[in-house]
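Participant: Have a look at the structure that comes next, please.
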Amino acid sequence: KGRTLALMGRSEEAYDCYDRSVEIEPESSAVWLERGLAYGHEQYFADAFQSYCKAVELDPDNREAWVKKYALHMRWDELWDAAECMDRVEEIDAIRRGEKVKRKRRFSVTVRKCDKWSLSEIRERVER
């Protein structure tokens, strides 16, 4: 219902609906993710981030929530945190492909080396 209200441009009602949903199903990672997507769509990034954090707390394999957390960390120039999120996404992807999870942290290692790079170069390397 929240998504439908949001699509109809009835944002406040949609937020109320998402807030009620998390009251009804507080242990549902999917509900927290949907709430975050709604807030993020309207650029209420702090509320969206809080929702994504709760989603990954409830389900550490919630790939979409990790990607959204990554995007907000990048928006806020929190490169180390963004890299940690992307490392987790890569681990989830490897597990889904049936591969052994490598403990090498490609993205966080890249960020550690960033002293010599400009912010745009770092973003480009992290996006690869």
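Participant: Go through the residues of the range 98-119 one by one and say whether even a single one is at pLDDT 90 or above and part of a helix (DSSP H, G or I).
Facilitator: Looking for residues that are at pLDDT 90 or above and part of a helix (DSSP H, G or I), one finds none in the range 98-119, hence no.
Participant: Still on this structure: So, in the range 30-48, exactly how many residues are among the hydroxyl-bearing types (Ser, Thr, Tyr) and touching a residue at least 24 places away in the same chain (Cβ under 8 Å)?
Facilitator: So the count comes out to 1.
Participant: Pick out the one residue from Ala71, Ala55, Ala82 that is touching a Leu at 6+ places or on another chain (Cβ under 6 Å), under 26 Å from Ala38 (Cβ atoms) and either open to solvent by less than 30 Å² (accessible area, probe 1.4 Å) or modelled with pLDDT of 90 or more (or both).
Facilitator: One residue alone meets the criteria, Ala55.
Participant: Let me ask another. I need every pair where a residue in the range 95-106 that is under 17 Å from Pro60 (Cα atoms) has its Cβ under 8 Å from the Cβ of a residue that is modelled with pLDDT of 80 or more and of a type in the set (Val, Ile, Thr), sequence separation at least 6 or different chains.
Facilitator: Val101/Ile95
Participant: Further, regarding this structure: Can you tell me which residue in the range 1-31 is nearest to Gln50 (Cα to Cα), limited to those that are of a type in the set (Asp, Glu) and either in contact with a helix residue (DSSP H, G or I) (Cβ under 7 Å, 6 or more places away or on another chain) or open to solvent by less than 60 Å² (accessible area, probe 1.4 Å) (or both)?
Facilitator: Asp19
Participant: Note down all Cβ pairs under 9 Å where the first residue falls in the range 70-89 and is at positive phi, the second is surrounded by fewer than 18 Cβ atoms within 10 Å (Cβ to Cβ), and they're at least six residues apart or on different chains.
Facilitator: As it stands, the answer is Asp77/Leu119, since those pairs meet every condition given.
Participant: Here is a list: Glu90, Glu64. Which entry is open to solvent by 60 Å² or more (accessible area, probe 1.4 Å), farther than 22 Å from Leu5 by Cβ, part of a helix (DSSP H, G or I) and touching a helix residue (DSSP H, G or I) at 6+ places or on another chain (Cβ under 9 Å)?
Facilitator: One residue alone meets the criteria, Glu90.
The values are calculated or read from the model by the stated rules, or taken from the named source; none is laboratory data. Every value quoted in this text rests on a predicted model; they were computed, and no experiment measured them. We place every Cβ from the backbone using ideal geometry, glycine too, and count neighbours over all the protein chains shown. Keep in mind that these areas ignore ligands, DNA and RNA; they rest on the heavy atoms of the full protein, side chains included. Shrake-Rupley method; radii C 1.70, N 1.55, O 1.52, S 1.80 Å.
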